[in-house]
Amino acid sequence: MNDRRPAHRPSRRITEEAAGWYLDMRENPGARTRERFLAWLRRSPQHVAEYLAIAQLHGDMRAVAAMDGTPLDELRALAATEPNVVPLRRDQGTEPRDVSARRARRHHPGRWAAAASILLLGAMAWFLGRPSTDTPGVRYAAAPDGIRTVTLADDTRIQLSPGSIVDVRFDDRSRRIELVSGDASFDIGKDATRPMQVDAGGQRIEDIGTVFDVSRHSGDIEVSVISGRVAISNPAAPWLDRARLRLTGRGWPAERIAEIGGGETARVSTEGRLIGRGKADVATVATWLPAEIRFHDSRVADVARRFNAYTATPLSVDDPVLAEKRISGAFHARDPEAFVSYLGSLPQVRVLREPKRIRFTSARGNRRL
């Protein structure tokens, strides 16, 4: 006799409620709505499971981030009561599950997606209880009445407007810079093994090989690309990102807002919405930068790079001997052609104009200049 019973399924009501909350939490809800949502989550582990299953179905990690306000110990407690979750530690209980729970596991593999999400959430709570292993940051600040230039160990060059502040964190896996306040111009050093991320407010700017400026005032951020391309994203809630990084070595994938290239600008609101996009007038970007570039006994490569903050066609010194040559002088910062003409007048220097850059090489190999 076959006495198999229909395995447990979440009620239609719970599924509909979870779908409703999923839609509500995508609309930048107010504090009262968030409180009601978190109260609904705390009511049952099935509520947590259904909400995560719907978010996972849509590949929407930002929806999971909406649970950021729920105390982690409460989520771990809910996860521990979910039949499909294997206890993470012995103190979470080792009593056998009931027969119906075992049947639900056996007959409903489709529910494993939600179960995996609950397991991950419980693991997050446990891992976040451990001491942080984040690399300590280094803070750089410009004086209220002056511009500060910082060159990092990876050859990244940052120029800070008066009073601006950045925090820098580098480790073996990534390079992270946070614009705490003000305006900054970034010329990112190339390191294919460690991606560069610049955070400003709640948004993340990922370098795709470029020179760009970020302005953070009154909550909104504005990104202007001088050359190359950047991606602007909404990262997951910090606790989610840290937890997955500890669990898997990779953070949560960010929600892409926009990707912009040289000569483009984008403005993003504090809520992570794209509120403006258009052409950037390179001549008026970062007007706080010096109007004149003065240098004394400086490397040609270093001087050329200083002009890259002002021109959509970056200068590249490819010849190693020319790159090390020492020069002195002064040029108007927004007239890179004068500097190009100067370098082109040096003996044995060849100027190659390409669509996306201007290159300087030796006319006859690496001979002494």
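The values are calculated or read from the model by the stated rules, or taken from the named source; none is laboratory data. Values in this document were obtained by computation on a predicted structure and should not be read as measured data. When we count neighbours, we look across all protein chains shown, and the Cβ atoms used for this are built from the backbone with ideal geometry, even at glycine.
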With small (G, A, S), crowded, with 18+ Cβ neighbours inside 10 Å, touching a residue at least 12 places away in the same chain (Cβ under 8 Å) and under 21 Å from Q348 (Cβ atoms) as the only criterion, which of A323, A304, A309 stands out? A304
Output the residues belonging to region 180-207 that are assigned to a loop (DSSP other than H, G, I, E, B) and either touching a residue at least 40 places away in the same chain (Cβ under 8 Å) or touching a Pro at 6+ places or on another chain (Cβ under 6 Å) (or both). R194, G201, G202
Scan region 206-223 and give yes if some residue there is among the polar types (S, T, N, Q) and modelled with pLDDT of 85 or more, otherwise no. yes
Just the residues that are touching a Ser or Thr at 6+ places or on another chain (Cβ under 7 Å) and either closer than 14 Å to A291 by Cβ or in a loop (DSSP other than H, G, I, E, B) (or both), please, taken from region 314-352. P314, D318, D319, P336, Q348
Return the residues of region 161-186 that are at pLDDT 90 or above and among the hydroxyl-bearing types (S, T, Y); say none if nothing qualifies. S161, S164, S181, S185
Could you check, for region 50-70, whether at least one of its residues is exposed (fewer than 15 other Cβ atoms within 10 Å of the Cβ), touching a helix residue (DSSP H, G or I) at 6+ places or on another chain (Cβ under 7 Å) and at pLDDT 65 or above? no
For the structure I just gave you, tell me whether T270 is surrounded by fewer than 15 Cβ atoms within 10 Å (Cβ to Cβ), among the β-branched types (V, I, T), touching a residue at least 40 places away in the same chain (Cβ under 8 Å) and under 25 Å from E222 (Cα atoms). yes
Quick check: anything in region 266-278 under 25 Å from G189 (Cβ atoms) and at pLDDT below 90? no
